[in-house]
Amino acid sequence: MARKALPPPNASRRMRGFESAFGLMRDPVRAAGETRGFAVARLLTHWTEAVGEDLAAITRPVKVSYGREGFGATLVLLVAAAHAPMIRMQEARIRERVNAVYGYAAIARIQMTQTAPVGFAEGQADFTHAPKAATPARPDPAIRAEAEATAAPIRDEALRLALERLAENILTRRKT
């Protein structure tokens, strides 16, 4: 049985099923990133994973500017003024992590632009992250017992536990 040939990359294709949320935003994010010099949009969208939570909480990437000499780019970071000395000490670590996202030594220098945590609309930067989701409260013991009884005939441990959680969710929603 012969394999089907793949369609050419420029051929339009129909989407079947759901497309990921970022798939819908890929082109607008890429266009916005390219206007600021970001060749890799992943640096903007995954800043926390790129530099770590401790640094992402106090910095934001603003733009990447490429010099005429071609000896590497300059990354401009938005930093609260009080954190600038700490960021300056960790500059090599930031450069190393950002270059790992690019896959080569794209960033040679890091500049900082400082801002106050509150101020004029242009200079405002929200350095707080959304709080982590709270762990849900344990359901009523009667609901838990009913969910266990519902999934009791299942012999496979992993499947039974998954069905118990599903039954808990359904029974909890019915009670509310």
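The values are calculated or read from the model by the stated rules, or taken from the named source; none is laboratory data. Because the structure is predicted, anything quoted here is derived from the model rather than measured. So basically every Cβ, Gly included, is an ideal-geometry build from the backbone, and we count neighbours across all protein chains shown.
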Return yes or no: is T74 under 18 Å from G103 (Cα atoms), touching a Phe, Trp or Tyr at 6+ places or on another chain (Cβ under 9 Å) and modelled with pLDDT of 75 or more?
-> yes
Answer yes or no: is there a residue in region 130-149 that is surrounded by 11 or more Cβ atoms within 10 Å (Cβ to Cβ), part of a loop (DSSP other than H, G, I, E, B) and modelled with pLDDT of 70 or more.
-> yes
Options G103, G123; residue that is in the same structural domain as E53 (by TED's automatic domain parsing), modelled with pLDDT under 85 and within 27 Å of the chain's Cα centre (by Cα) = G103
